[in-house]
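First comes the structure, then the notes that go with it.
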Amino acid sequence: MNVLDEHELRVGVIRDGRLESLLHERLGDGQHLGNIYKARVANVEPSLDAAFLDLGSQKNGFIHVEELIHDKGRGARIEQILKNGDEIIVQVTKEAIKEKGPCMSMFLALPGRDLVMMHSDQAKGVSKRIEDPLVRKRLKKQLDGFEPPEGFGFIVRTHAAHASEADIKLDYEFLKRMWSEVDALGKRVRAPACLYQEADVVVRTLRDVAGPDTEQIVIDDERMYDEARAFAQVFMPELCDKIKHHREELPLFTYFGLEERLAAIYDRKVELPSGGAIVIEQTEALVSIDVNSAKNRDAGDVETTALMTNLEAAAAIAEQLVLR
């Protein structure tokens, strides 16, 4: 975790020597991703099959018909479901970008350390990253004993593989209690109102990214280091000794060789291992990605070369989408 000029935070996740993901957040701007609101429908737009929602902030939220929970039947149009002035409970799924407001959904998700409570009675399962069949069987058995709130279900997170049955039950009870408080507040207040504020970036990183296989968590800001240690001591004690305060002369991202990798994120062209490349062009309407195997045309037969290039491109595109 790297703080730049006290106004900007970068969180890089390194796995097997590669930069797996990057979180970039401006401090002090107010983080909204994950927040839950009681919103008022400001404007229904049939041409977009969507609506704009008053959240009580400068920018209205945007919700597409597919993100609504309703009883109007499959294929119902937005104007059949919502009208101006309606009040609905929604969650921010994507932050505002430039002039566009945040994207919203009625399918709520409340994350805990070991579980995620999701607004779908179909949500019930164990993370695919937990591969041990005996562990999966044990977790599924415990999950079968839970009684989620009406309309919700639980997903078992990767961290739960090493958690005790008692810890998982505590997380289950915590999430039920949290939803009970959000639901009660939503019934008391008038829209627009914030019903739930998502945790700050330090807590989110420890909760959502760190796990049993984490080797170290390095932070170059003393305040955030203290916050991370305090949170871990109470909720994730197994991480305490892995949280380090970076005190080297070299800046944190330079020390771990990340600055050069980050610079490449903004390049149009990304080289592939066998000599091909992908070219990424971003416009207002869309992002286009062209796979170029020009340098490989002389290597073996055309079909083998094309297959090799496309396999490399698929992996590179997935990586670039996550990082960008």
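Values quoted throughout were computed directly from the atomic coordinates according to the rules given, and no laboratory measurement underlies them. Here the structure is a predicted model, which is why all the values come from computation and not from measurement. Glycine gets a Cβ as well: all are built from the backbone with ideal geometry, and neighbour counts include every protein chain shown.
What the table below lists for this structure:
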read-out: Bins of 20 Å from zero: percent of alpha-carbon pairs in the chain; value: 24, 54, 21, 0
read-out: Most to least packed among 34-45, 143-154 [average Cβ atoms within 10 Å]; value: 34-45, 143-154
read-out: Lysines whose Cα lies under 22 Å from that of Lys72, excluding same-chain neighbours fewer than 8 positions away; value: Lys38, Lys83
read-out: Rounded FRET efficiency, nearest 0.05, which uses the C-beta distance separating Ile14 from Arg138 and R0 of 30 Å; value: 0.45
read-out: R0 of 30 Å, Cβ-Cβ distance Leu262-Glu238: FRET efficiency to nearest 0.05; value: 0.50
read-out: In sequence order, calculated HN-Hα J values of the range 312-317 (Karplus, 6.51, -1.76, 1.60; Hz; x Gly/Pro); value: 5, 5, 4, 5, 5, 5
read-out: Relative packing of 285-291, 181-187, 69-75, which averages over residues the other C-beta atoms within 10 Å, highest first; value: 181-187, 285-291, 69-75
read-out: Dipole of the range 138-195, positive end: most advanced residue of Gly151, Pro192, Ser164 [Cβ charges, Cα centre]; value: Pro192
read-out: Phi to ³J(HN,Hα) by Karplus 6.51 cos²θ - 1.76 cosθ + 1.60 over the range 159-171, Hz, x for Gly, Pro; value: 4, 5, 4, 10, 8, 7, 4, 5, 5, 5, 5, 4, 5
read-out: Within the chain, helix-based [θ] at 222 nm, where runs of 4 or more DSSP H residues each add -39,500 (n - 2.57), nearest 500; value: -9000 deg cm²/dmol
read-out: Across Lys94/Lys140; Lys59/Lys176; Lys94/Lys124; Lys98/Lys244; Lys128/Lys176; Lys124/Lys169, pairs whose alpha-carbon gap is larger than 26 Å; value: Lys94/Lys140; Lys59/Lys176; Lys98/Lys244
read-out: Counted charge near His245, where neighbours are those whose Cβ lies closer than 13 Å (Asp, Glu -1; Lys, Arg +1); value: -2
read-out: Selection from Ser127, Val65, Leu206, by position along the positive dipole direction of the chain (Cβ); value: Val65
read-out: Reachable aspartates and glutamates from Lys242, criterion Cα separation under 15 angstrom, eight or more residues apart if same chain; value: Asp213, Glu215, Asp220, Asp226, Glu227
read-out: Qualifying aspartates and glutamates (Cα of each under 17 Å from Cα of Lys100; at least 8 residues distant if same chain); value: Asp29, Glu45, Asp49, Asp54, Glu284
read-out: Other-chain or far-sequence residues with amide H under 5 Å of Lys244's (modelled H); value: Ile217, Val218, Ile219
read-out: Magnitude of the charge dipole, the range 109-188, Cβ model with Lys/Arg +1 and Asp/Glu -1, debye to 20; value: 180
read-out: Cα-centred dipole magnitude for the chain, charges only on beta-carbon of K, R (+1) and D, E (-1), debye, nearest 20; value: 1020
read-out: Residue-span extension gain [His64 to Phe107] - 0.36 nm each, minus C-alpha spacing; value: 14.3 nm
read-out: Long-range HN-HN contacts of Leu195 with modeled amide H, under 5 Å; value: Ile36, Tyr37, Lys38
read-out: Distant-in-sequence amide H partners of Phe62 (H built 1.01 Å from N, under 5 Å); value: Leu53, Cys103, Met104
read-out: Under 13 Å, Cβ to Cβ, from Glu284 - net charge with Lys/Arg +1 and Asp/Glu -1; value: 0
read-out: From phi via Karplus (6.51, -1.76, 1.60), per-residue ³J(HN,Hα) for the range 79-92 in Hz, x at Gly/Pro; value: 6, 7, 9, 10, 9, 4, x, 4, 10, 9, 9, 9, 10, 6
read-out: FRET efficiency estimate (nearest 0.05) - Cβ-Cβ, Ala314 to Asp49, R0 45 angstrom; value: 0.90
read-out: Label point distance in nm, Leu250-Asp301, each placed 7 Å from Cα along Cα→Cβ; value: 4.7
read-out: Contour minus Cα-Cα distance for His24 and Arg229 (0.36 nm per residue); value: 71.7 nm
